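Student: Input: one structure, supplied below.
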Amino acid sequence: MMKAICPGSFDPVTFGHLDIVTRAAAMFDEVVVAVGHNMAKNGLFTPEERVGMIAECTADLPGVTATTFSGLLVDFCREQGIGVIAKGLRFGADFDYELQMAQMNGHLTGVDTIFLPTAPQWSFVSSSLVREVATLSGDVGALVPASVAARVQAKLAERTG
Ligand code: PNS
């Protein structure tokens, strides 16, 4: 039984992420979508809120679950019996960043990483741009599921009071 993980910040989950998770789910028996802490990023949603949105958006995908993790990704993989990390690549800068992490993760425990090319229609989409566009009152309805767009609006409204 092959178990893979799609780790990320998912703040919030986008159609680009969901495309990668859907394709990984077709390749592996189980896929764990895992919200981790990226020390370089400030969050809009709590990890639990992000997991809730992912769980809702992946409810129809057999074998897919969502959770948080803390500490090293490779330690979580070992605890959960996960043998493969699956990640999407949009463009060259992603490759430079992801290759280094893949090599570090491989160095630490031998866990391997596979890269899936992002579908072209999502190659310009990132959670950080979704947050920025939404903060400045732009329309993110084509970039994230409707339930996620509604939560982004609600969170921003809550923040601005
Ligand atoms: O979506 P992101 O922000 O690119 O996700 C990055 C994430 C959370 C997957 C990465 O920062 C991570 O794995 N963090 C956990 C801590 C860890 O294992 N750090 C060493 C990575 S080589």
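The values are calculated or read from the model by the stated rules, or taken from the named source; none is laboratory data. In this text the structure is predicted, and so the values were computed from the model without any measurement. Cβ atoms come from the backbone with ideal geometry, glycine included; neighbour counts cover every protein chain shown. The protein model used for the area step is the full one, side chains on, heavy atoms only, and it has no ligands, DNA or RNA in it. Shrake-Rupley method; radii C 1.70, N 1.55, O 1.52, S 1.80 Å.
Student: Carbon and sulfur atoms: what percent of the 1.4 Å accessible area of the chain do they account for?
Tutor: 57
Student: For the range 16-82, which trypsin sites (Lys or Arg not before Pro) pass both filters: DSSP loop (anything but H, G, I, E, B) and at most 11 other C-beta atoms within 10 Å?
Tutor: In loop regions of the range 16-82 (DSSP not H, G, I, E or B), the sparsely surrounded trypsin sites (Lys or Arg not before Pro) are Lys41.
Student: For the range 3-123, place one equal point scatterer on every Cα, skip the solvent, and apply the Debye formula. What is log10 of I(q)/I(0) at q = 0.09, 0.13 Å⁻¹?
Tutor: -0.21, -0.46
Student: Could you name the lysines whose alpha carbon sits less than 21 Å from that of Lys41, not counting residues in the same chain fewer than 8 places away?
Tutor: Of all the lysines, those that pass the test against Lys41 - Cα under 21 Å, at least 8 places apart if same chain - are Lys87, Lys155.
Student: Next up: Could you order peptides 106-114, 153-161, 126-134, 13-21 by the average number of other Cβ atoms within 10 Å of their residues, highest first?
Tutor: The packing order, highest mean first, is 13-21, 126-134, 106-114, 153-161.
Student: Hey, another quick one. Taking the full set of protein chains and a 1.4 angstrom probe, give the accessible area of Cys6 in square angstrom, rounded to the nearest 10.
Tutor: Cys6 exposes around 10 Å² with every protein chain in place.
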